[in-house]
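Any read-out appearing in this document is the output of simple, stated calculations on the displayed coordinates, not a laboratory observation. Source: prediction; values computed, not measured. As a convention, Cβ positions derive from the backbone with ideal geometry for all residues, glycine included, and neighbour counts pool all protein chains shown.
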Amino acid sequence: MLQPVESAVPIQNDAEDLDPLEIREWLESLEAVVNRRGKKRGQFLLKELEMRAQQLGVAAPGAPFSSYRNTIPLDEQRVHPGNVALEDRITAIMRWNALAMVVRANKAYGELGGHIASYASAAEIFEIGFNHFFHGPKSEQGGDLVYFQPHSAPGVYARAFLEGRLSEEQLAHYRQELGGNGLCSYPHPWLMPDFWQFPTGSMGIGPISSIYQARFMRYLQHRGLAQTSSRHVWGVFGDGEMDEPESIAALTLATREKLDNLTFIINCNLQRLDGPVRGNGQIVQELESLFLGAGWNVIKVLWGSDWDPLFARDKQHMLIRQLAITVDGEYQTLGANNGAYNQEHFFQISPELRQIAAHMSAAEIDGLKRGGHDFRKLYAAFSAARDHRGQPTVILAKTKKGYGMGRAGESRNTSHQQKKLDVDALKEFRSRFDLPLSDRDIAELNFLKLESDSPEAKYLRERREALGGSLPARSGASDTLTVPPIESYSSFALNADGKEMSTTMAMVRLLTNLLRDKALAPRIVPIVADEARTFGMASLFRQIGIYSAVGQLYTPEDGASMLSYKESTTGQLLEEGITEAGALSSWVAAATSYSVHGLTLLPFYIYYSMFGFQRVGDLIWAAADQRARGFLLGATAGRTTLGGEGLQHQDGSSHISAATIPNCRAYDPAFAGELAVIVDHGARCMIEKSEDVFYYITVMNENYSQPSLPTGAAESVLKGMYCFTSTGEKGSAGQVRLLGSGAILREVIAASQLLANDWNVSADVWSVTSFTELARDAREVERWNRLHPNERRRNSYVGECLAGDAPVVAATDYVCAYPDLIASFVDASYRSLGTDGFGRSDNRASLRRFFEMDCQHIAVAALYALAEVGALAHEVVSAALQKYEINSDLVAPWMR
Ligand SMILES: Cc1ncc(C[n+]2csc(CCOP(=O)(O)OP(=O)(O)O)c2C)c(N)n1
Ligand SMILES: [Mg+2]
């Protein structure tokens, strides 16, 4: 139950006031100054007062938010230049079509879902953007980039339909994609590549991506790669969505980088899925504090124009005080009820409020709009945001969830899930928005169209033409680049000839060499999240510079060194600091630049592999959806190859996640030569042939002797395996095939020698560069065979390589599920050794013994496999266990 404020209490101060008269005098003198000499003078006076108060030791920290009203005062509100009445009509039609789309889908198939209430609350926000601000791709100044709230997609489709971009057939197949003419549920560039630009379906991804996109545009501009200064990034997000860590993770970056090319519009409908975002508080005020604290320009749009006369009558600030103490749960209840209820429970709870609204009927009170539903207020806010310089802007627009849905869902806790409206509710909706629908239209949920010469259609067309064409629109077209001949930059790796290095060192050297290629170099975007030194990349600091929008404002401590920390406005390296989510977002911006800016780039994001798929996997999934092209390099990879670091740092799983992403090509090479072949091929696929794939490659920090790549092996490296060596005599006691990937290949090679020397067993040793690629090919072949049972059977690549019945043992530095990806495609007996369990901090040899995949364990596994097929006696296995001092009674590593 709402309590009235007491008259003497100053705004936002609950301290008891003993001398109201004194307060009044102070306020009146301030008002007098502002009236006589203007706002600027008033501000100056306050600053002076604050300074003096500080000297006197009485300065109290101010409230971190402003009062509960619109930021833009009426006399500074820019005039809406369009036809508000027409916009109202057009928006009403879109509301209906969006609603009909969802209700139809759920009538046909109850399971399809979809949302009505979110777009219902955001319709005016979207439409102000579409009619006045969002520049399309043909705009002279370049198209704007708009991140749409995902579950408001029906509204975006509804507009595209009115613009003639989508057919009725498509609208009728919302969320029914598989028949061929459907529309996807949320923005997915993978599924609608000409339409959606940015995947936002997973809450939080839109906000962080949009910030890094705006920042990346500055990077392109500073580096002279593209003209981006007139393009604006807009993001429409939910108030509930702001609870995601990613939503707020980069707010201070946006301020630091002075991203005045960025505007967030947060639809503060006070609700999320289950209920109120802050029932007992005020999300608008909380967000204002957060954004102000982070240094943003904040514009609150809380009350519609019809509130202006009420505020004008509010001489004692009683209305504004009441609004300030009303919590969101109460606002929601007020929103869910009619004018009479609002009259009784808000405007009549104190004599002062009663007086302010005395002239209004219940129906008029019912008609009072929140700011986010008022085109005039929204226009003023968008316009101020667009013109604001030096800071990013957030517009906090207060709305009602399910606006116009009446009893069926306006400000109800169940609004979000409301997918079906009965005929009465639909009729109410018709009258609420004065829609030209017959009862039959309502029963059939017919979509509303615009006659092409109707004022609405003309207005719609004219507005979009003036703004440069329709949005959203995605382009896949861009320039292509040439990768220099592989020998020119990687002969050190291809012909390593036994030199010692780690694959990480090899990777850095490949990158450094590519950065010397005049044509390609400027398009390379190296990205790190504060681990460049870990990966031996510090020389790049000076070689290519670290990007900074302001250059370097200090003398670097290490200025004289070759490895100096050199920041520059034209710096090429993106040093993101400790934010994998941020670094990944930068990578996505670079990896999709071919589409967003028509400029092909080749980004390399190198990071601690454990903090990739595990930490920011959802962002990688969104990158895949967005058709990102570039390299993700999981460094310090492997659960036993990264010695010392222990449980949280040692990665045994990233290849499993990578394998689940259809357009991710994932490799775990053992040697520098293999790595070079993969990088070269990947670069060609992505920037020469414009394939929508990205590469995940694990690189390790273990130094070892690197052999030259065997002649003719390159193609097999790309397919996923090649025979590296054979040991032992043919016709020996037994024959096995040993597979090894990444750094563990060396354990496998050592095992083959143990087998030959100690047990007279011969082995073919295969270097497996990608179990994922092998499995993909094999699955594809098996599918083909299954679907073509009467045709000649095809053989997979792994089937070809591992024909015959000699047992196979595979070992990796990842969990067994990784080598097991191919288990079902191998006819011979197949066993894997991996690193299932929690990591430990210790040296590599001890870790490999602990996880039971060192060379001795591999040898034992091979002997056991031979014993199981009857090729030798089980006693041999016992003898080996003894010889290699393996304790058979230990608890399994994954149980410890
Ligand atoms: C990461 C993630 N978690 C949960 C969801 C499911 N979800 C979709 S919309 C929604 C509520 C959104 O509330 P809000 O951001 O306030 O948007 P509104 O619909 O109120 O405009 C939730 C929980 C999601 N899409 N993504
Ligand atoms: Mg919400």
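Taking amide H as placed 1.01 Å from N in the peptide plane, F195 has its amide H under 5 Å from the amide H of R474, each at least 5 places away in sequence or on another chain. Based on every Cα atom in region 214-334, Rg and the maximum pairwise Cα distance Dmax equal 17.8, 57 Å. Amide H contacts for Y830 (H built 1.01 Å from N in the peptide plane; partners 5 or more residues away or on another chain; cut-off under 5 Å): V808. Put simply, the C-alpha atoms of region 470-587 give a gyration tensor, and the ellipsoid matching it has half-axes of 25, 24, 14 Å, longest first. Computed extension length for L647-R684: 9.6 nm, one decimal, from 0.36 nm per residue of separation with the Cα-Cα distance subtracted.
Using a cut-off of 29 Å between Cα atoms, the listed pairs K499/K719; K47/K258; K300/K458 include K300/K458 as exceeding that distance.
For region 359-462, dividing the convex hull volume of the Cα atoms by the residue count gives 184 Å³ per residue.
The modelled label-to-label distance for the pair V58/L21, using points 7 Å beyond Cα in the direction of Cβ, is 1.9 nm. Kirkwood radius and radius of gyration were both taken over the C-alpha atoms of region 258-299, and their ratio Rg/Rh is 1.04.
For region 407-523, the relative contact order comes to 13 percent (Cα pairs under 8 Å, sequence separation of at least 6). Distant-in-sequence amide contacts of L145, defined by a placed amide H-H separation under 5 Å and a gap of 5 or more residues or a different chain, comprise H232, V233, W234.
Our estimate of slack between S732 and E344, defined as 0.36 nm per intervening residue step minus the Cα-Cα distance, is 130.1 nm. For region 109-150, the spread of Cα positions along the three principal axes, ordered from largest to smallest, is 45, 19, 13 Å. Here the Kirkwood formula, the inverse mean of 1/r across different C-alpha pairs, assigns region 85-161 a hydrodynamic radius of 13.3 Å. Using a Förster radius of 22 Å, what is the FRET efficiency between D479 and T569 based on their Cβ-Cβ separation? Nearest 0.05, please. Computed FRET efficiency for D479 and T569: 0.35. Region 543-586 and region 77-103 have Cα centres spaced 47 Å apart. FRET efficiency for the C723 to Q141 pair, using the beta carbon distance and R₀ = 56 Å, is estimated at 0.45.
Each label was represented as a point 7 Å from its Cα along the Cα-to-Cβ direction; for K107 and R786 these points are 3.8 nm apart.
Shape index of region 779-824: Rg/Rh, with Rg the Cα radius of gyration and Rh the Kirkwood radius from the inverse mean 1/r over Cα pairs, equals 1.05.
Pair-distance distribution of region 609-699: all C-alpha pairs, bin width 5 Å, starting at 0; shares per bin in whole percent are 3, 14, 24, 23, 19, 11, 4, 1, 0. Counting only residues at least eight positions apart within a chain, or on another chain, the aspartates and glutamates with an alpha carbon under 14 Å from that of K315 are E28, E31, E352.
For region 15-107, the Kirkwood radius over C-alpha pairs fed into Stokes-Einstein at 20 °C and 1.002 mPa s yields D = 115 µm² per second. Computed log10 I(q)/I(0) for region 320-390 at 0.13, 0.19, 0.23 Å⁻¹: -0.49, -0.85, -1.06, from the Debye equation with unit scatterers placed on every C-alpha and solvent omitted. Computed per residue of the chain from DSSP H runs no shorter than four, each worth -39500 (n - 2.57), the mean residue ellipticity at 222 nm is -11500 deg cm²/dmol.
Placing one equal scatterer on every Cα of region 648-785 and applying the Debye formula, the log10 ratio I(q)/I(0) at q = 0.21 Å⁻¹ is -1.29. Treating each Cα of region 730-885 as one equal point scatterer and applying the Debye formula with no solvent, the log10 of I(q)/I(0) at q = 0.11, 0.14, 0.15, 0.18 Å⁻¹ comes out as -0.44, -0.69, -0.77, -1.04. Taking the Cα centroid of region 657-695 and of region 450-502, what is the distance between the two, rounded to the nearest whole Å? So the two Cα centres are separated by 19 Å.
How big is region 535-580 by the Kirkwood estimate over distinct Cα pairs, in Å? Final number for the Kirkwood radius of region 535-580 is 10.8 Å. Legend: calculated FRET efficiency, R779 to N446, from the Cβ-Cβ distance at R0 = 56 Å, rounded to 0.05, equals 0.80.
Divide the volume of the convex hull around the Cα atoms of region 161-245 by the residue count and you get 141 Å³ per residue.
Would you mind getting the Kirkwood hydrodynamic radius of region 546-680 from its Cα pairs, rounded to one decimal in Å? Answer for region 546-680: a Kirkwood hydrodynamic radius of 16.6 Å. Dividing the mean sequence gap of close Cα pairs (under 8 Å, 6+ apart) by how many residues the chain holds gives a relative contact order of 11 percent.
Both radii come from the Cα set of the chain: Rg as radius of gyration, Rh as Kirkwood radius; their ratio Rg/Rh reads 1.05.
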